[in-house]
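Here's the structure, in structure tokens; my notes come after.
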Amino acid sequence: MGLAPILEVRDLHLRFKGVAALSGVGFTVEPGSFFAIIGPNGAGKTSLLNVLSGLYRPQSGEVRFLGRDLLPLPPPRRTRLGLGRTFQNLELFRGMTVLENVKLGAERAGPYPLLWPRADQEARVRARAEEVLEYLDLAPYRHVPAGLLPYGLQKRVEVARALAGSPRLLLLDEPMAGLAVEERQDLARYLQDARREWGVTLLWVEHDLRAVMELSERVLVLSYGQVLYHGDPEGARRDPRVQDAYLGGGA
Amino acid sequence: MWYRIARKLSETYSRRFARAVRESYAEDEAYAPTPLGRCALALFLGLLFLLPLILGPYPMYVLSLTAIAALGALGLHLLVGGAGLISLGQAAFLGIGAYTASHLSGPLAPLGVLAGGLLAALVGLVLGLPSLRIKGVYLAIATLAFQFLAILVFNNWESFTGGIRGRNLAPAEILGHPLDSPGALWYLILAFTVPLFFYGKRLLSTRAGRAWLALRDNELSAQVAGVELVPTKLSAFLLSAFYAGVAGGLLANLYRTVTPEHFLFGVSVQYLAMVIVGGAGTVLGAVLGAAFVVLVPELLNTLVGALGPAYAGALAALRNVVFGTLILAFLILEPRGLVGLWSRVRDYLRTWPLPY
Ligand SMILES: Nc1ncnc2c1ncn2[C@@H]1O[C@H](COP(=O)(O)OP(=O)(O)OP(=O)(O)O)[C@@H](O)[C@H]1O
Ligand SMILES: [Mg+2]
């Protein structure tokens, strides 16, 4: 592990009025790894991702991505640096077709002036979108408005949109939630493939402990905004504090 | 504007035969993806040029009004249907374009129309600034305030607008030829509307269109997907105002007079009605909506005229009621607007002999 970490988080504090959503959270993510964040409901997992993608501004702390300070940058700039994101509750462009959704994601790498359409860029974006659609078996739905698809496919379109931008680090907020067993297996396979072929580092928030234990290499356990555990999945299973939090949280 | 309809028709038929082709590459971003479609498009553009030879001055006048309205509606459509930002000030931008064009008329008319568009665009950019902070109803109210402010300026800035009496224009002139009939002016109108329609269509199907639609659908996730809020919103305002400004300039040359009552709040509402009736989401919608809003009152007028002057007063009031009811009926029966109706008819035709 001589490589510099792709993401470094240090001593994050985030408060909403009375509620402390994150208190002193810190961890590092190695490039190319499959990193999981688990924790009971309300632990602050989504809040953490929102801080990373720029939707929440923490009171204090530091976030470095590829060695750069992320916190002063607005969300689109972070995306352009190579930070992808999917949401816990679907946040698709429902009125746009699947293809348009994915094209918008694919544009990340080479935007051109808005009011000056460029055929070569459009063709490139289209080709990239087609590649990702093909990859995630979404090609047959390309002209369907995203909002009309069943839930499982919408989740997959969100992953496709994020992957199309060739992110270096992809943040996934409970990608498996609400999916049938088969869909979960498919999604896990897509993610593994993306990691292997495109070298995407994956940071995912998940409730499904079995999936986490099977797939992840590193685990961060959050509870009430604090880090309970940071290490390999085996250790998490044995850690008494983690067991407590999960039994106490009823999960 | 009719070329839109023709294009849609040709597209329907080409798609009926070549659906598989459109599913692979960037061809579906072309204006007419198949040879058949291209033929129909060329034919149609040719027909547009010949129209003044076929039709008399009055039909040409109504057609000109429709084409100009469609241009203004397309501009509003980019903003409302595209970026999801409501504006109640489209008429004010028409006014800015019209007054500007009234100062550069006669041989300078094409320049005047362009200048009108540019000045309107500049003002549109400024009006766009509040949209970065406020949304929905509040933004609509801000544009409403702008509309009333504009009327105030139109009424009182005598040196630029001629006040309540307004300004008169000499007929537009091209290379010494006066364009003093609707049939002749039609070519000036085409010279602006045709390229602007192609451009609008192109924008909606490329990066700008995606960014606007994304903002409309989900502002939060658009930002996370890399859409920059400020340029995206401002460009929609700028372009919408530019289209309206050009439409206003053309209107000034058609009416040959510019007075404040051409740009009242009611006109802004009419433009919004065009976008809504037409069905937000496509360029065709703007055209159909404009045709509806311009032609239906015109038809009702003719009807009233045919019944004789005795009833004219009572029927004129009834006319507005009928028109309003028709718009309401659309909103209730076909929320996707005329475009929705059209695509249903199209699907019906495509599968006509065998409904399955
Ligand atoms: N925008 C907000 N305003 C106020 N409080 C918030 C906000 N977002 C999150 N919180 C609070 O912060 C805490 C952490 O919430 P968060 O959504 O991050 O949890 P989570 O770990 O994602 O939970 P879940 O598993 O249910 O998704 C909760 O107490 C929540 O009420
Ligand atoms: Mg959450």
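The values are calculated or read from the model by the stated rules, or taken from the named source; none is laboratory data. Treat the numbers as computed from the prediction; the structure is a model and nothing was measured. Cβ: placed from backbone, ideal geometry, glycine included. Neighbour counts: every protein chain shown. In case anyone asks, the SASA skips ligands and DNA or RNA and just uses the protein heavy atoms, side chains included. Shrake-Rupley method; radii C 1.70, N 1.55, O 1.52, S 1.80 Å.
Residue by residue through the stretch A:38-62, note down the ones that are more than 7 Å from ligand 1 (Cβ to nearest atom), open to solvent by less than 10 Å² (accessible area, probe 1.4 Å) and either within 14 Å of chain B (Cβ to nearest Cβ) or assigned to a loop (DSSP other than H, G, I, E, B) (or both).
Residues satisfying the conditions are A:Leu49, A:Val51, A:Leu52, A:Ser53.
Report, by residue number, each residue of the stretch A:63-83 that is small (Gly, Ala, Ser) and open to solvent by less than 10 Å² (accessible area, probe 1.4 Å).
Within the stretch A:63-83, A:Gly82 is the sole residue that qualifies.
Given the condition in a helix (DSSP H, G or I) and within 30 Å of A:Phe87 (Cα to Cα), answer yes or no: does some residue in the stretch B:183-203 qualify? Let's see the steps before the verdict.
The initial filter retains those residues of the stretch B:183-203 that are in a helix (DSSP H, G or I), namely B:183-203.
Cutting the leftovers down to within 30 Å of A:Phe87 (Cα to Cα) gives us B:203.
Checking the stretch B:183-203: at least one residue is in a helix (DSSP H, G or I) and within 30 Å of A:Phe87 (Cα to Cα).
Quick check: anything in the stretch A:29-37 crowded, with 22+ Cβ neighbours inside 10 Å and within 16 Å of ligand 2 (Cβ to nearest atom)?
Within the stretch A:29-37, one or more residues are crowded, with 22+ Cβ neighbours inside 10 Å and within 16 Å of ligand 2 (Cβ to nearest atom).
Among (1) modelled with pLDDT under 90; (2) out of contact with any helix residue (DSSP H, G or I) (no Cβ under 9 Å at 6 or more places or on another chain); (3) surrounded by 16 or more Cβ atoms within 10 Å (Cβ to Cβ), there is one condition A:Leu90 misses while meeting the rest; what is its number?
(2)
Please list, ordered by first then second residue, the pairs with beta carbon atoms under 6 Å, 6 or more apart or interchain, first in the stretch A:9-23 and within 14 Å of chain B (Cβ to nearest Cβ), second more than 16 Å from ligand 2 (Cβ to nearest atom) and modelled with pLDDT of 95 or more.
Listed by first residue and then by second, the contacts come to nothing, as the list is empty.
Residue check: is A:Ala21 among the hydrophobic types (A, V, I, L, M, F, W, C), within 16 Å of ligand 1 (Cβ to nearest atom) and part of a strand (DSSP E or B)?
Working: among the hydrophobic types (A, V, I, L, M, F, W, C): yes; within 16 Å of ligand 1 (Cβ to nearest atom): yes; part of a strand (DSSP E or B): yes.
When the stated conditions are applied, A:Ala21 passes them.
Might you let me know whether the stretch A:190-204 holds any residue that is more than 16 Å from ligand 2 (Cβ to nearest atom), among the aromatic types (Phe, Trp, Tyr), more than 14 Å from every other protein chain (Cβ to nearest Cβ) and within 27 Å of A:Thr97 (Cα to Cα)? Lay out the reasoning, then the answer.
Step one: of the stretch A:190-204, the residues more than 16 Å from ligand 2 (Cβ to nearest atom) are A:190-202.
So of that shortlist, the ones also among the aromatic types (Phe, Trp, Tyr) come out as A:190, A:198.
Pick out the ones that are also more than 14 Å from every other protein chain (Cβ to nearest Cβ) and you get A:190, A:198.
If we keep only those that are within 27 Å of A:Thr97 (Cα to Cα) too, we end up with A:190, A:198.
Taking every residue of the stretch A:190-204 in turn, at least one turns out to be more than 16 Å from ligand 2 (Cβ to nearest atom), among the aromatic types (Phe, Trp, Tyr), more than 14 Å from every other protein chain (Cβ to nearest Cβ) and within 27 Å of A:Thr97 (Cα to Cα).
Can you find even one residue in the stretch A:74-81 that is of a type in the set (Lys, Arg), more than 16 Å from ligand 2 (Cβ to nearest atom) and within 26 Å of A:Glu197 (Cβ to Cβ)? Before you say what the answer is, go through the steps one by one.
First, pick out the residues of the stretch A:74-81 that are of a type in the set (Lys, Arg): A:77-78, A:80.
From what's left, more than 16 Å from ligand 2 (Cβ to nearest atom): A:77-78, A:80.
Subsequent filtering for residues that are within 26 Å of A:Glu197 (Cβ to Cβ) retains A:78, A:80.
Yes, because at least one residue in the stretch A:74-81 is of a type in the set (Lys, Arg), more than 16 Å from ligand 2 (Cβ to nearest atom) and within 26 Å of A:Glu197 (Cβ to Cβ).
Within the stretch A:137-244, which strands (runs of 3 or more DSSP E) (wholly inside it) include 3 or more residues that are at pLDDT below 90? Give the steps one after another, and end with the answer.
On the way: elements: A:169-173, A:201-205, A:218-223, A:226-231.
Correct list: A:226-231.
What tally of residues in the stretch A:63-96 results from selecting those that are in a loop (DSSP other than H, G, I, E, B) and either without any contact (Cβ under 8 Å) to a residue 24 or more places away in the chain or more than 10 Å from chain B (Cβ to nearest Cβ) (or both)?
Within the stretch A:63-96, the first condition is being in a loop (DSSP other than H, G, I, E, B), and the residues that meet it are A:66-67, A:70-74, A:82, A:86-96.
Next, only the ones that are either without any contact (Cβ under 8 Å) to a residue 24 or more places away in the chain or more than 10 Å from chain B (Cβ to nearest Cβ) (or both) stay: A:66-67, A:70-74, A:82, A:88-89.
Of the residues in that region, 10 qualify.
Residues in the stretch B:196-211: is at least one out of contact with any strand residue (DSSP E or B) (no Cβ under 9 Å at 6 or more places or on another chain), modelled with pLDDT of 90 or more, open to solvent by less than 30 Å² (accessible area, probe 1.4 Å) and away from chain A (no Cβ under 13 Å)?
Yes - at least one qualifying residue is present in the stretch B:196-211.
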